[in-house]
1. Run the dipole for the chain about the Cα centre, Lys and Arg Cβ at +1, Asp and Glu Cβ at -1, nothing else charged, and hand back the magnitude in debye, nearest 20.
2. Top mean-square fluctuation among V84, V15, V24, Gaussian network model of the chain, C-alpha springs under 10 Å?
3. Report the normalised scattering of the chain as log10 I(q)/I(0) at q = 0.13, 0.17, 0.22 Å⁻¹, calculated by the Debye formula with identical scatterers on the alpha carbons.
4. Add +1 for every Lys or Arg and -1 for every Asp or Glu among the other residues with Cβ under 12 Å from the Cβ of V49, and state the total.
Amino acid sequence: MSEPLRCRIPATATVQADDAIARVTRWDFPPGAETGWHRHGWAYLVVPVTDGTMTLEEPGGATRQASITAGVSYTRPPGVEHNVINEGTVPFSFVEIEFKAHPG
């Protein structure tokens, strides 16, 4: 017997700025929300707005937990592929800044 299909609600992505240098998106995750599978084409910086615990689905079927702390930022290189999920009972949010180009 196969596993039941899980239906999740989409996280809310609000683009706050988008120009030739960067795209700034606020992500809001109510409980049960996900981004859906995606690959980052640019290096990016995440600035957590709230504390939270994310479940990350990764290629090959791997999953892992990652905690975020409000105001504690981190970066990731281009090419990261994943689905970000809030499987908890508390909403969380972060701002993602994708770097399209270097000024100059």
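1. Computed charge dipole of the chain: roughly 100 debye.
2. V15
3. Each listed q corresponds, in turn, to -0.48, -0.80, -1.29.
4. Result for the neighbourhood of V49: -2.
Here, each number is a calculation from the coordinates, and none is a lab measurement. This is a predicted model, so every value here is computed, not measured. Don't worry about glycine lacking a Cβ; one is built from the backbone with ideal geometry, like all the others, and counts go over all protein chains shown.
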